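Taking it in order: structure first as structure tokens, then the write-up.
The values are calculated or read from the model by the stated rules, or taken from the named source; none is laboratory data. Since the structure is predicted, the reported quantities are computational estimates derived from the model, not experimental observations. Positions of Cβ are backbone-derived with ideal geometry, glycine not excepted, and every protein chain shown enters the neighbour counts.
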Amino acid sequence: MGAIIIKIEILKPGKQFKNYKVMCQELGIEVKKSSNTKNAQFKELDRYCTYNKIGHSIIIDQVYETPLEKRKRKGNNTVYGDIMQVLILDMLAQKKDSGKLVISKSKLLRELNLVNLNYSHCFKRKTALSKFAGIEKETVKDFYDTTNISFICAIETALKTLQNKRLIIYNTTTKVSKNGIHSIASPDEERLILACERKVMLSLGYTDLRKLRISKDWDAFSKKSKKLLRETGNIEYYYSAYCITPNDEHLKDEMDHLLSKLDRLRYKSELNKKACYKLNVNGTKRHSGNGTLQKVFRKEWKYPQDIKTLIDIVIADTATLISQEILDLEERSHLDFDIEYSFPSSL
């Protein structure tokens, strides 16, 4: 099969194709019948954007300013691929009991040593991190958006590879925290989450969560949604998690993946160094990108240095824990927020 040439100027956030055939027509690619060639086309599309499939429709989510590198056929690994698979198998092999492993995405990032403890703590407190690091909030948000995409793609590629080897089966699920107890959300709890967030979203004048996520109202949406969930369902918060079922019988054949403590630390250290390097490279690429969708703040001379600073704070495994400093700054931010929203709407 020859090279796939896509009309990338057609790709815009929110762009919707009615079905696969319409997508091919608009992007100037051939309509294929075999699943293998269709998959190859979607893999090529993965280099330019993220997208969601809803029924037959394909909806473009985010478009990359700089296309991702084409994967090599031989090996077909991401930057982190082999190491990540070894560490996931090792994690499963360490389990004393058989059965499913349900682990949040943020905890899996920490277990693999892709990020340090500051990452999740600051993710929920981006304004405080912005003040702590002396970096504009839009750069902090951009860093987390792009980093999350990179890490989740890498993790799910590793999980899919292990699944294709029939060593695991995995899916994603929603977990809720109630009175400090974490459990998989029931159908009623999932419906309540949808209802509360829909109500708050509409009250802020939005009908699409993606548009709200990149707006100035996102913080207000998050705070009001959490408050409503607590009041109506006693749900403190919810989050996505991976549910991984290992092939216990054949995992025993992979017991050489049960690493020694020294090897485990070495693998994790190597993975963290690769993550720091790759994120620095990606930040430089975003800074030098010339796409029509290039964000103005990415062109600022200090953008690459700001990205490096954030990597040093929330990614590098040598970083100092800053939880207390961030909490102190968040308290001030909450005070400012409460004061702002305590004024009558007529003022």
Are any residues in the range 201-246 more than 22 Å from Thr172 (Cβ to Cβ) and hydroxyl-bearing (Ser, Thr, Tyr), and if so, which ones? Ser203, Tyr206, Thr207, Ser215, Thr232
Has the range 80-101 got at least one residue that is closer than 26 Å to Asn171 by Cα, of a type in the set (Asp, Glu), outside any loop (DSSP other than H, G, I, E, B) and at pLDDT 90 or above? no
Condition (residue is surrounded by fewer than 14 Cβ atoms within 10 Å (Cβ to Cβ) and either in contact with a strand residue (DSSP E or B) (Cβ under 9 Å, 6 or more places away or on another chain) or modelled with pLDDT under 80 (or both)) applied to the range 293-303: is it met by at least one residue? yes
For the range 156-175, does any single residue satisfy the condition of being under 30 Å from Thr232 (Cβ atoms), in a strand (DSSP E or B), basic (Lys, Arg) and modelled with pLDDT under 95? yes
With the checklist (1) at pLDDT 80 or above; (2) in contact with a helix residue (DSSP H, G or I) (Cβ under 7 Å, 6 or more places away or on another chain); (3) over 27 Å from Thr173 (Cα atoms) in hand, flag the one item Lys12 doesn't pass. (2)
All positions within the range 26-54 that are touching a strand residue (DSSP E or B) at 6+ places or on another chain (Cβ under 9 Å) and either outside any strand (DSSP E or B) or over 25 Å from Ala154 (Cβ atoms) (or both): Glu26, Leu27, Phe42, Leu45, Tyr48
Could you tell me whether the range 188-201 includes any residue that is in a helix (DSSP H, G or I) and either farther than 26 Å from Lys211 by Cα or of a type in the set (Phe, Trp, Tyr) (or both)? yes
For residues that are hydroxyl-bearing (Ser, Thr, Tyr) and part of a helix (DSSP H, G or I), scanning just the range 253-280, find the one that is modelled with the lowest pLDDT. Tyr267
